[in-house]
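Everything below concerns the one structure shown next.
The values are calculated or read from the model by the stated rules, or taken from the named source; none is laboratory data. Note that this is a predicted model, so its numbers are computed, not measured. Note that each Cβ is placed from the backbone with ideal geometry, even for glycine, and that neighbours are counted across all protein chains shown. Just so you know, the surface numbers come from the protein's heavy atoms only, side chains and all, with ligands and any DNA or RNA stripped out. Shrake-Rupley method; radii C 1.70, N 1.55, O 1.52, S 1.80 Å.
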Amino acid sequence: MKKRKDNKGRLLHDGESQRADGRYAYTYKNQLGQRKTVYSWRLTTSDRTPAGQKQKPALRELELQIQKDLTEDIISDKATLNECFDRNIALRKIRDTTRSTYKITYDRYVRHTIGHKPITELSYSTMLAFFSNLVNQGYGHSTAALVHCALNPVFKMAVRDNIIRNNPLSGIMSEVGGYKRERKALTAEQQEKFINFVAHHSIYKKWSPIISCLFGTGCRIGEMVALRWQDVDFANGFITISLSMNYGKGSDGKYAFHISTPKTEKGIRTIPLFDDVRQILLAERQRQLDNNCSCRTIVDGYGGFIWANTWGNAYSAQIVYKALVGIVEAYNDKERETAAQEHRFPVLMPPISPHILRHSFCTRLCENVSDVKLISQVMGHNDIKTTLKTYYDVNQQHAQDEFKKLEGKIKIC
């Protein structure tokens, strides 16, 4: 193959070229497979810089540094946030479902806003303005928190690579007013009212079985929708949690169901069956047999899922979440109407997500079971501290009941 030459008759290396104005260019692919080009008025160090042009390293000096960086997997200090994120997400050892969530979040909120800026130019004040603007546009604080989770490791890696001196996201969310919103479990009274409302509602009662099973097992929503009939041991009274199902964008860019393992190492576990949960599952199986509407969805070779819609398609976590939103709205509308008729203030139900149902299950266990290690095992937590710190809510009525039991047992005066 004929080698190209510059205007001085010198052979040019692969990737090198000379433009019509005399400038030299070197084109290469970075660590992310992206096409990049650097320029210089000089090919070698012995060349002179044309009059009126700024003195810069010769092209082959730049090439040597680029090859060194590529060999050592060093990303340039001129790299954009987009480039740094793409590299970080490719290197991180995280679950595929988490990776997919972070990619979707980043592409939606960051890539076309501040993603094109060099990471070295993103200061604390710049990032504070970015997150504040997210909240001011009406996005929830949970969305801001998810964006923060996607971005924080990127800046941490940039600090370790000596591209930036400090992480501009350090402590930033405490400045984005009202960010930390505590997710409270339902009280026992709220839980009972909610369950009864769903069970007797003309539209939403079809969601009663899965909602009651979430209340009665403490499963994560991905674990619940991935539950198969073969995972339920009716004879011995327990269910086995070994899978989690997510509906999201795959590597091909298309949305589909995907199967993974549970969130933590201890997520693979067995959960004893309350008799109520056992009866609900038996009734659900009989209903499906009577109506020939069992789940026909096959995901990554797995089938026989318990939960299916009228067309035999598996439930997604998003569908259950939307149903809960609609149920809470219907409950509160009914409560406002009843309260107006009874001339009192309405007692509204707080927002409820599948995680709140799990949260409530753990709280009920902590209120009634003294063996915290057992509770942690059933919840699939790696650490007992997670059980107590994150999931166990002590409500006022329970605290008063417990103190009444201690009345006269503690010397006070």
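Between Lys411, Lys389, which is among the charged types (D, E, K, R), modelled with pLDDT under 65, assigned to a loop (DSSP other than H, G, I, E, B) and exposed (fewer than 11 other Cβ atoms within 10 Å of the Cβ)?
None of the other options fit; the residue is Lys411.
Let's see how each residue does on (1) under 29 Å from Gly267 (Cβ atoms); (2) of a type in the set (S, T, N, Q); (3) modelled with pLDDT of 90 or more; (4) touching a Cys at 6+ places or on another chain (Cβ under 8 Å):
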{"site": "Lys117", "(1), (2), (3), (4)": "no, no, yes, no"}
{"site": "Gly140", "(1), (2), (3), (4)": "yes, no, no, no"}
{"site": "Asn166", "(1), (2), (3), (4)": "no, yes, yes, no"}
{"site": "Leu186", "(1), (2), (3), (4)": "yes, no, yes, no"}
{"site": "Ile195", "(1), (2), (3), (4)": "yes, no, yes, no"}
{"site": "Ile210", "(1), (2), (3), (4)": "yes, no, yes, no"}
{"site": "Gly218", "(1), (2), (3), (4)": "yes, no, yes, yes"}
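Working carefully through the options Ile259, Ile239, Ile280, find the one that is part of a strand (DSSP E or B) and within 27 Å of Ala199 (Cβ to Cβ).
Working: Ile259 fails: within 27 Å of Ala199 (Cβ to Cβ); Ile280 fails: part of a strand (DSSP E or B).
The unique qualifying residue is Ile239.
Cβ-Cβ under 8 Å, sequence separation 6+ or interchain: first residue in segment 249-274 and under 27 Å from Asn236 (Cβ atoms) and surrounded by 15 or more Cβ atoms within 10 Å (Cβ to Cβ), partner acidic (Asp, Glu) and modelled with pLDDT under 90. Which pairs?
Ser260/Asp96
Restricting attention to segment 305-346, report how many residues are out of contact with any Pro (no Cβ under 9 Å at 6 or more places or on another chain), open to solvent by 100 Å² or more (accessible area, probe 1.4 Å) and free of Cβ contacts under 8 Å to residues at least 60 places away in the same chain.
The total comes to 8.
How about segment 44-147: which helices (runs of 4 or more DSSP H) wholly inside it have at least 1 residues that are touching a helix residue (DSSP H, G or I) at 6+ places or on another chain (Cβ under 7 Å)?
Fully inside segment 44-147 and qualifying: 81-91, 96-109, 124-136.
If you scan segment 16-31, which residues turn out to be surrounded by 11 or more Cβ atoms within 10 Å (Cβ to Cβ) and at pLDDT 90 or above? Steps first, please.
Initial filter on segment 16-31 (surrounded by 11 or more Cβ atoms within 10 Å (Cβ to Cβ)): 16-18, 22-31.
Correct list: Glu16, Ser17, Gln18, Gly22, Arg23, Tyr24, Ala25, Tyr26, Thr27.
How many residues are over 22 Å from Ser174 (Cα atoms) and under 21 Å from the mean Cα position of the chain (by Cα) when one looks only at segment 114-134?
Qualifying residue count, segment 114-134: 1.
Restricting to segment 37-62, name every residue that is surrounded by 14 or more Cβ atoms within 10 Å (Cβ to Cβ) and within 51 Å of the chain's Cα centre (by Cα).
Val38, Ser40, Trp41, Arg42, Leu43, Lys56, Pro57, Ala58, Leu59, Arg60, Glu61, Leu62
Each row is one residue, and each column tells you yes or no for (1) closer than 17 Å to Leu227 by Cβ; (2) at pLDDT 95 or above; (3) in a loop (DSSP other than H, G, I, E, B).
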{"site": "Arg287", "(1), (2), (3)": "yes, no, no"}
{"site": "Asp290", "(1), (2), (3)": "no, no, no"}
{"site": "Val328", "(1), (2), (3)": "no, yes, no"}
{"site": "Ala339", "(1), (2), (3)": "no, no, no"}
{"site": "Val347", "(1), (2), (3)": "no, no, yes"}
{"site": "Pro350", "(1), (2), (3)": "no, no, yes"}
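Which members of segment 81-110 meet the condition of being within 10 Å of Leu151 (Cβ to Cβ) and open to solvent by less than 20 Å² (accessible area, probe 1.4 Å)?
Within segment 81-110, Leu81, Cys84, Phe85, Asn88, Thr105, Tyr106, Val110 meet the criteria.
State all residues of segment 80-98 that are under 14 Å from Asn152 (Cα atoms) and of a type outside the set (Phe, Trp, Tyr); if no residue qualifies, say none. Even if it seems obvious, please write down each step before you answer.
Step one: filter segment 80-98 for residues under 14 Å from Asn152 (Cα atoms), giving 81-82, 84-89, 92.
Selection gives Leu81, Asn82, Cys84, Asp86, Arg87, Asn88, Ile89, Arg92.
Can you tell me which residues in segment 276-331 are hydrophobic (A, V, I, L, M, F, W, C) and over 30 Å from Thr97 (Cα atoms)?
Correct list: Leu282, Ala283, Leu289, Ala330.
How many of the residues in segment 204-242 are under 22 Å from the mean Cα position of the chain (by Cα) and open to solvent by 20 Å² or more (accessible area, probe 1.4 Å)?
So the answer is 3.
Could you count how many residues in segment 122-138 are surrounded by 16 or more Cβ atoms within 10 Å (Cβ to Cβ) and farther than 22 Å from Ile164 by Cβ?
1
What's the total number of residues in segment 77-121 that are hydroxyl-bearing (Ser, Thr, Tyr), free of Cβ contacts under 8 Å to residues at least 40 places away in the same chain and more than 17 Å from Asn167 (Cα to Cα)?
Total satisfying the criteria: 3.
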